[in-house]
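Enquirer: Input: one structure, supplied below.
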Amino acid sequence: MILQKYESLINSNVLPISVRELLSQYTINDLRQLNDGFYSFDGMSSDDINLTRKTLRTESKENRVIEMHTNYIDIHIPLTGCEKILISIDDNIGNVCFASSEKEDYKLFKYMDFEKEVILSTGDALVIFPGELHATQLDVDKSKELAKVIIKIRYDKFY
């Protein structure tokens, strides 16, 4: 997990240069102007890197699922509003996956141990790597509207 401001992320060495060049096509203001939906990057397969913009409501922890990806990095970027994300890198062998999709690259779990809480505000960027359990879209105080972007990057394509 890496937490930075979006502009700092695309100017840092955290991500490969090819990914930073793609992301630099979009400023935070550009991302805000997008309509909700799925986007691909020019010249790249959407299987390798894609962007989804969503407007939704935050929810309580009890209403959200815990997920993990095997092949994709997620970058969560709030555009308006705040969001709490719980994350854990603890690989609890007793935690049983109750649903999964190899095609959509997710595994869902009932709980996570040793979770850390991250509060994301407008312009933050949280990078979640394969194998890191996480629960997103959580209330900070109460349910509120949240506009966000999630960028998915195929790990084995760029690393």
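Enquirer: Label-point separation (nm) for GLU62 and GLU117, each offset 7 Å from Cα along Cα-to-Cβ?
Expert: The two pseudo-label positions are separated by 1.7 nm.
Enquirer: Hey, another quick one. Okay, helix-only estimate at 222 nm for the chain: each DSSP H run of n ≥ 4 adds -39500 (n - 2.57), divide by all residues, round to 500 deg cm²/dmol; what do you get?
Expert: That calculation yields -3000 deg cm²/dmol at 222 nm.
Enquirer: Still on this structure, I have one more. For the pair ARG20 and ASP36, how long in nm is the line joining their label points, each one 7 Å along Cα→Cβ?
Expert: That separation, rounded to one decimal, is 3.4 nm.
Enquirer: Let me ask something additional. Answer rounded, prolate or oblate for segment 46-104, using the Cα gyration tensor with square roots of eigenvalues a ≥ b ≥ c: rounded when a/c is under 1.5, else prolate when a/b is larger than b/c, else oblate.
Expert: Taking the square roots of the gyration eigenvalues as a ≥ b ≥ c, segment 46-104 is oblate.
Enquirer: Further question: Given a Förster distance of 35 angstrom, what is the FRET efficiency for THR55 paired with SER100, based on the Cβ-Cβ distance and rounded to 0.05?
Expert: That gives a FRET efficiency of 0.80.
Enquirer: Take the chain, mark every one of the GluC sites (Glu not before Pro) that falls in a DSSP loop and has at most 11 other Cβ within 10 Å, then report the longest stretch left between them, sites excluded.
Expert: 1-101
Enquirer: Which of the residue pairs LYS84/LYS144; LYS61/LYS157; LYS116/LYS157; LYS5/LYS148; LYS103/LYS157 have a Cα-Cα distance greater than 21 Å in the structure shown?
Expert: Violating the 21 Å Cα-Cα cut-off are LYS61/LYS157; LYS116/LYS157.
Enquirer: Now, a different point. Using amide H atoms built 1.01 Å from N in the peptide plane, name the residues 5+ places from GLU132, or on other chains, whose amide H lies under 5 Å from its own.
Expert: Residues meeting the amide H criterion: HIS69.
Enquirer: At q = 0.18 Å⁻¹, what log₁₀ I(q)/I(0) does a Debye calculation on the Cα points of the chain give, no solvent, two decimals?
Expert: Debye curve over Cα of the chain, log10 I(q)/I(0) at q = 0.18 Å⁻¹: -1.17.
Enquirer: Additional query: For segment 88-159, calculate the relative contact order in percent as a whole number, restricting contacts to Cα pairs under 8 Å that are 6 or more residues apart.
Expert: Relative contact order here is 29 percent.
Enquirer: Within 10 Å of each candidate Cβ there may be at most 14 other Cβ atoms; applying that plus a DSSP loop requirement, which trypsin sites (Lys or Arg not before Pro) in segment 1-109 survive?
Expert: Sparse-neighbourhood loop trypsin sites (Lys or Arg not before Pro): LYS103.
Enquirer: Between VAL140 and LYS110, what is the label-to-label distance in nm when each label sits 7 Å out along the Cα-to-Cβ direction?
Expert: It works out to 3.3 nm between the two label points.
Enquirer: When the Karplus curve 6.51 cos²θ - 1.76 cosθ + 1.60 is applied with θ = phi - 60°, which whole-Hz ³J(HN,Hα) does each residue of segment 44-49 get, with x for Gly and Pro?
Expert: Working through the residues one at a time gives 10, 5, 5, 6, 8, 7 Hz.
Enquirer: Using a probe of 1.4 angstrom, how much of the accessible area of the chain is carbon and sulfur, in percent?
Expert: Roughly 48 percent, rounded to a whole number.
The values are calculated or read from the model by the stated rules, or taken from the named source; none is laboratory data. Just so we're clear, the structure is a prediction, and the values are computed from it rather than from any experiment. No Cβ is skipped: glycine too gets one built from the backbone with ideal geometry, and neighbour counts run over all protein chains shown. Each accessible area value is taken on the protein alone, full model and side chains, heavy atoms only, with ligands, DNA and RNA left out. Shrake-Rupley method; radii C 1.70, N 1.55, O 1.52, S 1.80 Å.
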